[in-house]
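Take a look at the structure below.
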């Protein structure tokens, strides 16, 4: 088992990574502060892994709540369902929510944990690649609004993240590829050597080879843990983790949080961000081509979402958490392995880059 430490003083916690770890006795229970636990999951994950987690919590007063699956359900109504269940069960302040699922479950259950009685314990048990390398680590919790993604939320760090690569065997290939978009992002913003390793080992990851998966998981989590430890509440360097996300979130909003997975939108967003970086002279066309190529090998989108114009995406980008005083700030590449924030991108250049990636109907 590998351990990555997120160093945040009294709020520090481990990310535990190991094949089969979810079947180990008390792997989740040891992180509970009291006897009460609510396992929050969804209709896809529950038949696969809920009984395993409940069995490991048999010594506790444990209950489960199965929610609908899908980004379109990540809203205040779903979060209120969790709060209502906690109240119905009369859970106290030393209770714990166990988030068993992908990014949607982790985000909405985490937000409920942050809000209930002003904050109760949370343990993340991510079951998708995207959640394992990104959303379960770092304490960001949120729900969507019809006008913007993740605009309602709170920072609430988990007590632990329990990551079992074996659960990825039941993950649809499309979900696996969407998660790889976030893995690739880490190499692009902080580790050129890791990006090069991904180029050479992508087929092994797609084939779910254990050694390759564990390396990718550990390196991705280590990069995120380092950034989060430097800037927990995203006042500076943590914004770099959103490379491709300003464009991606706009497309997700434009699609009504349907049709595309989060990682698919991020992939397309990274291609556009790389193009803007080229137009500004920060990276060369060859570097941008490498980015498009590896995302294409994953079967990920490299153009704007169907039906969305450049101007519509630009309009939706106005609702973004990185904006300051009404000014849009973009995460761009200075090189493969190095990123920075730009707040003065020419509007005509930005629209030209977006327009170059509009999908032309067949």
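Observations on the structure shown:
- Beta bridges per DSSP, both residues in the chain: antiparallel share near 40 percent.
- Maximal additional length on extending the residue 355-residue 61 stretch stands at 100.3 nm, based on 0.36 nm per residue less the C-alpha distance.
- If both residues of a DSSP beta bridge must be in segment 2-170, then about 30% of such bridges are antiparallel.
- For segment 185-232 versus segment 1-44, the gap between their alpha-carbon centres in whole angstrom: 21 Å
- Exposure proxy for 83, 223: other Cβ atoms within 10 Å of each Cβ, ordered fewest to most, give 83, 223.
- Extension gain, residue 117 to residue 146: 0.36 nm times the residue separation minus the Cα-Cα distance gives 7.8 nm.
- Modelled FRET efficiency - R0 45 Å, residue 24 with residue 347, Cβ distances, 0.05 increments: 0.25
- Residue order, fewest to most beta carbons within 10 Å, for 334, 134, 275: 334, 275, 134
- Crossing angle, helix 245-254 versus the chain [Cα axis fit, 0-90 degrees, rounded to tens]: 80 degrees
- The slack between residue 207 and residue 76, meaning 0.36 nm per residue of separation minus the straight C-alpha distance, is 43.4 nm.
- Order of 270, 251 under a 10 Å beta carbon neighbour criterion, fewest first: 251, 270
- The protection proxy used here, the mean number of other Cβ atoms lying within 10 Å of each residue, ranks peptides 39-46, 224-231, 170-177 as follows, highest first: 39-46, 224-231, 170-177.
- In the elastic network of the chain, a GNM with C-alpha springs shorter than 10 Å, the most mobile of 263, 106, 307 is 307.
- Expected 222 nm ellipticity per residue - DSSP helices of 4 or more, -39500 (n - 2.57), all of the chain, to 500: -12500 deg cm²/dmol
- Two-site FRET efficiency, residue 235 against residue 88, from Cβ-Cβ distance with R₀ of 30 Å, rounded to 0.05: 0.20
No value in this document is a laboratory result; all are computed from the given coordinates. Remember, it's a predicted structure, so these values are computed and weren't measured experimentally. Every residue, glycine among them, receives a Cβ derived from its backbone with ideal geometry; neighbour counts consider all protein chains shown.
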